[in-house]
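Have a look at the structure below before the remarks.
The values are calculated or read from the model by the stated rules, or taken from the named source; none is laboratory data. What you see is a predicted model; the values in this text were computed from it and never measured. Quick reminder, even Gly has a Cβ in these numbers, built from the backbone with ideal geometry, and neighbours come from all protein chains shown. These area figures cover heavy atoms from the full protein model, side chains too; ligands, DNA and RNA do not enter into them. Shrake-Rupley method; radii C 1.70, N 1.55, O 1.52, S 1.80 Å.
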Amino acid sequence: MPTVAASHFILDLPTLFAVTLFLSLIGGLLLIFAWMQNRNTPALAFWGTGYLLASIAAALLASSGLVSNSWSACSAGALICSAYGMMWGGARSFEGRGVRFPLLAVGAAIWIVACQFEGFVESVQARMSLMSGITAIYVLLAACELWYARDRDLISRRPTLVVVVAHAGFLLARIPFAQALAVSAASGHAHGAVVYVMAFEALFVTFCLPFL
């Protein structure tokens, strides 16, 4: 029997991934439900749809062994880009500004075009860099909407802004650690403290943003 002193903590990434997927799905459903109770706030529908798109993308990534890896990577990436685009659209809608739907889909379009190149699909560094760049831009655009908010005394505005800006920083920080993240995802266990931090940050944001 292993003793407490001899044992060590191992983070099971598939389990954490499943928890994050579950929280994303529940968050999306709750936001959609809140919108159905108050149709005067379409931002809730934007954010709820974004969360549901992200949960579908996560499910595609989890089932990559059942479908073509290239197809699942392309589809999941496009859905993730769309989800972050909806995040920006929701922020604009919440602040009473017009939502430009073509701009919400630009990130997904760029990703799909990039996936047509075999070298891009086979390069973990390239895929991680492009995905991080696209999503970080959408997050920073959403942060700008919060910064120039109409109701600057709204209690949740500042903590939401902090979480959003910090999340953009973590997204960009994934670029230099793309290889370590890929190795950890393949093995199912975190390799290095950076992977632990990245995994828990994703879980933290998924949990906090629907509430804020």
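Can you go through Ala105, Ala168, Ala83, Ala178 and tell me which one is of a type in the set (Gly, Ala, Ser), open to solvent by 40 Å² or more (accessible area, probe 1.4 Å) and either in contact (Cβ under 8 Å) with a residue 24 or more places away in the chain or under 24 Å from Ile32 (Cα atoms) (or both)? Step through it out loud before you land on a result.
Numbers: Ala168 fails: open to solvent by 40 Å² or more (accessible area, probe 1.4 Å); Ala83 fails: open to solvent by 40 Å² or more (accessible area, probe 1.4 Å); Ala178 fails: open to solvent by 40 Å² or more (accessible area, probe 1.4 Å).
Step by step, each of Ala105, Ala168, Ala83, Ala178 is checked, and only Ala105 is of a type in the set (Gly, Ala, Ser), open to solvent by 40 Å² or more (accessible area, probe 1.4 Å) and either in contact (Cβ under 8 Å) with a residue 24 or more places away in the chain or under 24 Å from Ile32 (Cα atoms) (or both).
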Condition check for Leu23: farther than 26 Å from Gly98 by Cβ, in a helix (DSSP H, G or I) and open to solvent by less than 50 Å² (accessible area, probe 1.4 Å): yes
Lone unmet requirement of (1) open to solvent by 70 Å² or more (accessible area, probe 1.4 Å); (2) modelled with pLDDT of 85 or more; (3) within 20 Å of Ser129 (Cα to Cα) for Trp71: (2)
Positions within the range 29-44 being surrounded by 19 or more Cβ atoms within 10 Å (Cβ to Cβ) and free of Cβ contacts under 8 Å to residues at least 40 places away in the same chain, in sequence order: Trp35
Filter result (closer than 25 Å to Ser72 by Cα and either open to solvent by 70 Å² or more (accessible area, probe 1.4 Å) or touching a strand residue (DSSP E or B) at 6+ places or on another chain (Cβ under 9 Å) (or both)) within the range 88-102: Phe101, Pro102
Output for the range 1-20, where each listed residue is in a helix (DSSP H, G or I) and either modelled with pLDDT under 60 or surrounded by 11 or more Cβ atoms within 10 Å (Cβ to Cβ) (or both): Leu13, Pro14, Leu16, Phe17, Ala18, Val19, Thr20
Search result, residues across the range 72-109 that are closer than 13 Å to Ile137 by Cα and of a type in the set (S, T, N, Q): Ser82
Hits in the range 108-150 (condition: of a type in the set (A, V, I, L, M, F, W, C), closer than 22 Å to Ser72 by Cβ and open to solvent by 60 Å² or more (accessible area, probe 1.4 Å)): Ile110, Ile112, Val113, Phe117
